[in-house]
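Step one of this worksheet: look at the structure below.
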Amino acid sequence: MTPDPEDLGDPDDRRLEPYTRMRERDLVGRAGRFIVEGEVTLRLLLGRRSRFRAESILIAPERWPSLVADVAACPEPPPVYCASKVVMSAVTGFPIHRGVLAIGLRGAEPAATALVPPPPAPALVVGLAGLTNHDNVGAAFRNAAAFGADAVILDGESCDPLYRKSIRVSAGAALIQPFGRLPAGQDWLRLADALDLQPLAFSPGATESLDALTVPARALLILGTEGPGLDAATLAQARPLRIPMAAGFDSLNVATAAGIALFTIARGQGRLGPT
């Protein structure tokens, strides 16, 4: 059953409180909530592939007709609030152009180890080590979803994939791509050993080239932050790989490197559809 939207004209309406001061609250967290922007990401949040659910939706009246069917198909349709873009902008603290917002509920975070298929099944896991740039995290999630990775695992230093900008850059992939955090007290190598994954550490200084790799059936792709890269201990214990580049240049954006590496491993594991 589709809920009837409620028209709200007062920016101080208590029902709009979760949407207030969005930029400021992005920095301090939202007590188990996150913000979704735009029709594409809202449809993913409402869809059956999402591990999250919507607490409420805030839209401009003219956007409601195109979203009625998606809300109706949602297993638990949330309340829908309609407000003009002027009211929405007053609530959020900055100009709203798309006219589509929603509050998502995080729920319990799954254990990272529970996301990986057990051996001997093939597995492809992305490990993000120290990625503090929300654009890079969002793009890495988009690549992981595009190439069929089983899970993304982030260490404690990597930023939140449910940050508003990360979700937007991921094209909503952060809402459907399984992810978890590296367990406390466990490093990447111990995680790989516990899950029977071959750890592949990407570094421009590696001697072995990605294009010469015999693709393992179970792989953990470990990607470090731009600049410092991965720590020496991880590089020493994992299998370091480099991506071949033109002479005189050896630097790729980490999300671009993730895309190239994921494509190579996913193709080798037979995860991709027909060309």
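Within segment 75-93, the set of residues being open to solvent by less than 20 Å² (accessible area, probe 1.4 Å) and assigned to a loop (DSSP other than H, G, I, E, B) comprises P78, A83.
Looking only at segment 43-66, filter to residues that are farther than 18 Å from Y19 by Cα and in contact with a Leu (Cβ under 7 Å, 6 or more places away or on another chain); which one of those is surrounded by the most Cβ atoms within 10 Å (Cβ to Cβ)? Result: L44. Counting the residues of segment 123-138 that are over 30 Å from Y81 (Cβ atoms) and surrounded by 18 or more Cβ atoms within 10 Å (Cβ to Cβ) gives 11. Picking from S158, S89, which residue would you name as being within 16 Å of V36 (Cα to Cα) and without any contact (Cβ under 8 Å) to a residue 60 or more places away in the chain? Going through S158, S89 in turn, just one is within 16 Å of V36 (Cα to Cα) and without any contact (Cβ under 8 Å) to a residue 60 or more places away in the chain: S89. Checked across segment 103-118, the condition of being open to solvent by less than 10 Å² (accessible area, probe 1.4 Å), out of contact with any Ser or Thr (no Cβ under 7 Å at 6 or more places or on another chain) and part of a helix (DSSP H, G or I) holds for at least one residue. Filter segment 139-180 for residues that are of a type in the set (V, I, T) and farther than 25 Å from P122 by Cα; which is least open to solvent (accessible area, probe 1.4 Å)? Here the answer is I167. Of all the listed residues (T207, T234), the sole one being among the hydroxyl-bearing types (S, T, Y) and either open to solvent by 70 Å² or more (accessible area, probe 1.4 Å) or under 17 Å from V116 (Cα atoms) (or both) is T207.
Which of the residues belonging to segment 210-227 are open to solvent by 60 Å² or more (accessible area, probe 1.4 Å) and under 21 Å from S158 (Cα atoms)? The answer is E226, G227.
The values are calculated or read from the model by the stated rules, or taken from the named source; none is laboratory data. Fair warning: this is a prediction, and the values are worked out from it, not measured in the lab. Note: ideal-geometry Cβ built from the backbone for every residue, glycine included; neighbour counts use all protein chains shown. Just the protein is used for accessible areas: all its heavy atoms, side chains included, with ligands, DNA and RNA removed. Shrake-Rupley method; radii C 1.70, N 1.55, O 1.52, S 1.80 Å.
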